[in-house]
Amino acid sequence: MAEVLVLVEHADGEPKKVTAELLTLARTFGEPAAVFLGAPGTYAKAKEYLAQYGAAKVYVAESDDIAGYIGGPAAEILAKLVGEASPAAVLVAATADSREIAARVAARTDSGLIWDATALSADLVATQGIFGGSTIVTSKVTKGVPVVVVRPNSTAPEAAPSTPAEQTVEVALSDAAKGAKVVDRVVEAKSGRPDLTEAQVVVSGGRGLGAAEHFALVEKLADTLGAAVGASRAATDAGWYPHQNQVGQTGKTVSPQLYIAVGISGAIQHRAGMQTSKTIVAVNKDPEAPIFEFADYGLVGDLFNVVPQLTAEIEKRK
Ligand code: FAD
């Protein structure tokens with residue numbers, strides 16, 4: 001059975017849930033081989049998790065250069081592994097860093113790239129959103145090794161304990177790989193809420209909230225549901241909520257079980273980042289708002305009345 005390379009998504013060695021999802025998906029059409037790329041000493045934190053979710057093999061490359069440069073080192077190492085292992089496919093998560101790496105790997109290996117897959121069949125036919133997510137198509141790579149960028153929450157992770165073989169990968173980088181140095185990283189403030197891209201429930205607020213302090217309504221509803229908080233670009237541009245919480249074409253892509261949009265009109269650029277959510281609920285006072293065209297449930301009303309009532313009702317039923 002051919003290997004399927006899975007790029008491990010982690011924060012300083014702590015694997016993100018999407019890694020388990022990708023390993024589970026990889027098992028449906030090959031032998032999952034995790035590729036761990038990180039700073040020295042970080043793999044130890046991921047080892048057990050990768051074994052728990054069925055990695056048959058782990059390629060480990062640890063170097064300060066991997067975190068010290070944008071995309072280049074990781075892409076160079078992964079492309080080299082693609083050349084050596086001839087895998088059936090390469091799976092990466094649809095996160096900002098990994099998208100960058102995936103594009104570079106596809107270019108380096110002269111392979112086809114599938115973006116934003118929400119499903120991938122055993123014969124490698126992917127379901128993906130194109131044109132900013134406005135159209136859903138099925139696609140198959142016909143050239144090289146398919147590099148598939150998969151949205152978090154597309155697959156339910158299933159444990160499958162294994163004892164993976166480990167292979168240390170030598171890190172000998174070209175100058176070209178070190179094209180863009182990281183000089184600073186914005187550390188996301190810890191909110192105690194789930195990671196936006198991985199959350200099962202997301203509550204997002206938009207311009208309809210009218211002011212930064214009204215995001216407290218969204219946060220309260222989110223906390224009642226154990227949800228992450230998102231925002232439209234209108235809200236982040238106004239400085240009402242941090243840009244790192246923006247959902248949409250130029251923000252984060254989310255695919256939770258439940259997405260609640262509060263005071264958001266549903267512009268195409270917002271839709272691009274959330275329309276693959278399993279169930280979409282919209283609260284908007286304008287019955288003609290575009291979001292009602294693709295929401296599963298719509299609440300027409302003033303969010304300042306609806307949201308506190310919704311929060312209280314959910315609280316009562318907990
Ligand atoms: P609005 O469109 O102003 O909608 C506010 C909604 O709130 C309205 O529907 C209104 O009826 C409702 N409302 C008002 N008061 C109340 C109330 N009291 N109760 C209930 N409802 C109320 N946008 C993104 O979100 N993410 C992106 O990543 C993104 N990227 C972009 C990239 C480009 C290149 C461009 C050009 C635009 C991008 N945008 C993005 C902006 C996008 O086009 C919209 O302008 C933006 O999504 C609108 O945000 P909104 O829905 O919060 O505001």
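The values are calculated or read from the model by the stated rules, or taken from the named source; none is laboratory data. Values in this document were obtained by computation on a predicted structure and should not be read as measured data. Neighbour counts run over all protein chains shown; Cβ positions are idealised from the backbone, glycine included. What goes into the accessible areas is simple: the full protein's heavy atoms, side chains included, and nothing from ligands, DNA or RNA. Shrake-Rupley method; radii C 1.70, N 1.55, O 1.52, S 1.80 Å.
Numbers below:
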{"item": "K252, sole failed condition from (1) closer than 15 Å to A234 by Cα; (2) near the ligand (Cβ under 7 Å from one of its atoms)", "result": "(2)"}
{"item": "Residue match in segment 115-129 (condition: under 29 Å from A180 (Cα atoms) and among the β-branched types (V, I, T))", "result": "no"}
{"item": "Members of segment 149-188 found to be surrounded by 10 or more Cβ atoms within 10 Å (Cβ to Cβ), among the basic types (K, R) and in a loop (DSSP other than H, G, I, E, B), listed by number", "result": "R151"}
{"item": "Candidate set from segment 283-307 (those that are more than 6 Å from the ligand (Cβ to nearest atom) and of a type in the set (D, E, K, R)); member that is surrounded by the fewest Cβ atoms within 10 Å (Cβ to Cβ)", "result": "E288"}
{"item": "Residue check for G230: in contact with a helix residue (DSSP H, G or I) (Cβ under 7 Å, 6 or more places away or on another chain), more than 6 Å from the ligand (Cβ to nearest atom) and either part of a loop (DSSP other than H, G, I, E, B) or of a type in the set (A, V, I, L, M) (or both)", "result": "no"}
{"item": "Residues located in segment 70-79, provided they are in contact (Cβ under 8 Å) with a residue 60 or more places away in the chain and crowded, with 19+ Cβ neighbours inside 10 Å", "result": "G71, G72, P73, A74, A75, E76, I77, L78"}
{"item": "When residues of segment 99-123 are limited to those that are farther than 17 Å from V82 by Cα and in contact with a strand residue (DSSP E or B) (Cβ under 7 Å, 6 or more places away or on another chain), the one surrounded by the most Cβ atoms within 10 Å (Cβ to Cβ)", "result": "L120"}
{"item": "Selection count where residues are modelled with pLDDT of 95 or more, open to solvent by 50 Å² or more (accessible area, probe 1.4 Å) and outside any loop (DSSP other than H, G, I, E, B), scope segment 124-148", "result": "1"}
{"item": "Index of the failed condition, E213 passing every other in (1) within 30 Å of F131 (Cα to Cα); (2) of a type in the set (D, E); (3) more than 9 Å from the ligand (Cβ to nearest atom)", "result": "(1)"}
{"item": "Which numbered condition T279 fails, given (1) free of Cβ contacts under 8 Å to residues at least 24 places away in the same chain; (2) in contact with a strand residue (DSSP E or B) (Cβ under 8 Å, 6 or more places away or on another chain); (3) within 8 Å of the ligand (Cβ to nearest atom); (4) not hydrophobic (A, V, I, L, M, F, W, C)", "result": "(3)"}
{"item": "Residue tally, condition surrounded by fewer than 23 Cβ atoms within 10 Å (Cβ to Cβ) and either modelled with pLDDT of 95 or more or in contact with a helix residue (DSSP H, G or I) (Cβ under 7 Å, 6 or more places away or on another chain) (or both), over segment 88-97", "result": "1"}
{"item": "Pair list, Cβ under 6 Å, 6 or more apart: segment 152-168 residue within 26 Å of I77 (Cα to Cα), other residue among the acidic types (D, E) and in a loop (DSSP other than H, G, I, E, B)", "result": "P152/E198"}
{"item": "All positions within segment 239-282 that are in contact with an Asp or Glu (Cβ under 6 Å, 6 or more places away or on another chain) and either assigned to a loop (DSSP other than H, G, I, E, B) or open to solvent by less than 10 Å² (accessible area, probe 1.4 Å) (or both)", "result": "I280"}
{"item": "Residue match in segment 189-203 (condition: outside any helix (DSSP H, G or I), near the ligand (Cβ under 8 Å from one of its atoms) and modelled with pLDDT of 95 or more)", "result": "no"}
